[in-house]
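**Q** Handing you this structure, nothing more for now.
Just so you know, all these numbers are worked out from the coordinates, no wet-lab data involved. Keep in mind it's a predicted model, so treat the numbers as computed, not measured. Neighbour counts are summed over all protein chains in view; Cβ atoms, including those assigned to glycine, are modelled from backbone coordinates with ideal geometry.
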Amino acid sequence: MIDVELESVSKRFARSAEAAAVDDVTLTIGAGEFFTLLGPSGCGKTTTLRMVAGFYFPTVGHIRFGGQDVTRLAPNKRDTGMVFQNYALFPHMTVAQNVAYGLKVRKVSRADTSRRVAEALAQVHLDGYGARRIDELSGGQQQRVALARALVIRPRMLLLDEPLSNLDAKLREETRTEIRRIQREAGTTSIYVTHDQAEAMAMSDRIAVMQAGRVQQIGTPREVYHQPANAFVARFIGRSNVLSLPVTTADATRVEVALPGGGHVAAGAPDGHGLRAGDTALVSARPEHIALAGPDDPDVIRGRVTALEFTGMATHLTVDIGTEDGGEVTVAAVDVPDRVDVGDRVGLRLSADRLWV
Ligand code: ADP
Ligand code: MG
């Protein structure tokens, strides 16, 4: 178990490149923590992970493991176990030979190797699969072999780059639970890369949300969900409605905004954001924090239903609220009367204690 520190780390692939692939990233990962880099394709997640592994060196900045500067240390001196999206297993070798690979390179004795390979296969629930060929295994089993191969060297840190993206939906969910169980048991500090926000939320102690090479927010799944730092995070994590609304009053912790069509609602705001009456606030409202009301009730946003999806657990409504920018709001209501249909006029009530500026 070891902590990791990135201090003002940037990576520019070509001197001429105008945008850095990773741009001034500073973060600290605690010993034993499961930390996720989350963001859309191309935002710099893999590049960041590869700098931690030592496959790339930062253009500027420092990386430290347990206080020791490793910024320009070779990958094989860093003691990290890496799991890739495409598994990168040797197809012509057996499961046991694949898992043993890192031990062979480290010249571990034959007896220790077979004991540690058996242990690692047990860890990933593949006891007895040692003699199988890789191409005899399912995708999920291959992914677990890749995990065993990373764990067998008892790395100081586990680095996982989109390891589940080649699995189908059900197996992906099972395997993510499995990865987290194994990580908890081993207590290995882990950095996990994904573009899938549900996966990040379900697995992580903390998440760094990235966009265009920069960290937008670092927080627990609850923090990034309920208190997004900006509109990008609000929209990227789960479904969110981001509404531009005029501020009527503001103090240090709350901002009151005017609703289209009359009425007011208060929203939580970090430091009031320095907003004043007359400013425009971006208010994030999760679908489950908007309740359906009648179109003529007080303090509601009025609109017309443009789409309706029954999902079993809840009904998702899309409501045209007729703002100048063609504003639409998604509502996840648990209790929608059967008579509500596309084209109906409705009122939407925002639950004030969950709104966030
Ligand atoms: P992600 O993993 O979030 O999808 P990457 O870290 O792979 O993103 O890429 C970030 C940016 O850096 C992208 O614009 C990508 O095209 C660029 N990039 C990544 N690797 C290289 C490379 N080896 N050479 C040049 N550009 C690269
Ligand atoms: Mg990537």
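**Q** Using modelled backbone amide H atoms (1.01 Å from N, in-plane), which distant-in-sequence or interchain residues come within less than 5 Å of ILE237's amide H?
**A** none
**Q** Quick check of the Kirkwood formula: for region 4-231, what is the inverse mean of 1/r over all pairs of different Cα atoms, in Å? Walk me through the numbers on the way to the answer.
**A** Values: mean 1/r = 0.0551 Å⁻¹.
It is 18.1 Å.
**Q** Enumerate the amide H contacts of LEU37 below 5 Å, restricted to partners 5 or more residues apart or on another chain; note that Pro and chain-start residues carry no placed amide H.
**A** TYR192, VAL193, THR194, ALA208
**Q** Please go through region 1-102 and write out the GluC sites (Glu not before Pro) that DSSP classes as loop and that have at most 13 other C-beta atoms within 10 Å.
**A** Passing sites in region 1-102 are GLU18.
**Q** Sticking with this one: May I ask what percent, to the nearest 5, of DSSP beta bridges between residues of region 4-231 are antiparallel?
**A** Numbers: 18 of 36 bridges.
The antiparallel proportion sits near 50 percent.
**Q** Which one, ASN86, ASN241, ASN76, has the greatest fluctuation when you compute a Gaussian network model over the chain with C-alpha springs under 10 angstrom?
**A** Between ASN86, ASN241, ASN76, it is ASN76 that shows the largest mean-square fluctuation.
**Q** Also, I was wondering about something else. What are the ³J(HN,Hα) values, in whole Hz, obtained from phi via the Karplus relation 6.51 cos²θ - 1.76 cosθ + 1.60 with θ = phi - 60°, for each residue of region 244-260 in sequence order, with x given for Gly and Pro?
**A** 3J(HN,Hα) across region 244-260, in whole Hz: 8, 10, x, 7, 9, 9, 8, 10, 5, 10, 9, 10, 9, 10, 8, 8, x.
**Q** Would you please state which residues of region 134-175 a label at PHE84 would reach in this model, taking the label point 7 Å out along Cα→Cβ and a backbone N cut-off of under 12 Å?
**A** 161
**Q** Right, something else. Report the extension gain between ARG72 and VAL342 in nm, rounded to one decimal, defined as 0.36 nm multiplied by the number of residues separating them, less their alpha carbon distance. Kindly include the intermediate steps, with their values, before the conclusion.
**A** Values: separation 270, 0.36 × 270 = 97.20 nm, distance 5.97 nm.
Separation in residues times 0.36 nm, less the Cα-Cα distance, equals 91.2 nm.
**Q** Specify the residue with the greatest mean-square fluctuation among GLY274, GLY39, GLY219, computed from a Gaussian network of the chain linking alpha-carbon atoms under 10 Å apart.
**A** Between GLY274, GLY39, GLY219, it is GLY274 that shows the largest mean-square fluctuation.
**Q** Cross-link partners among lysines for LYS11, C-alpha distance below 22 Å, same-chain residues fewer than 8 apart left out?
**A** Output for LYS11: LYS45, LYS77.
**Q** Sequence-distant or interchain residues sharing an amide H contact under 5 Å with ALA281, placed H: which?
**A** LEU245, VAL247
**Q** If you don't mind, another one. Can you give the three extents of the C-alpha atoms in region 187-323 along their principal axes, from longest to shortest, in whole Å?
**A** Principal axes ranked by extent give 56, 41, 25 Å for the Cα atoms.
**Q** Under a 10 Å cutoff between Cα atoms, tell me which one of ARG286, ARG144, ARG78 has the largest fluctuation in the Gaussian network model of the chain.
**A** ARG78
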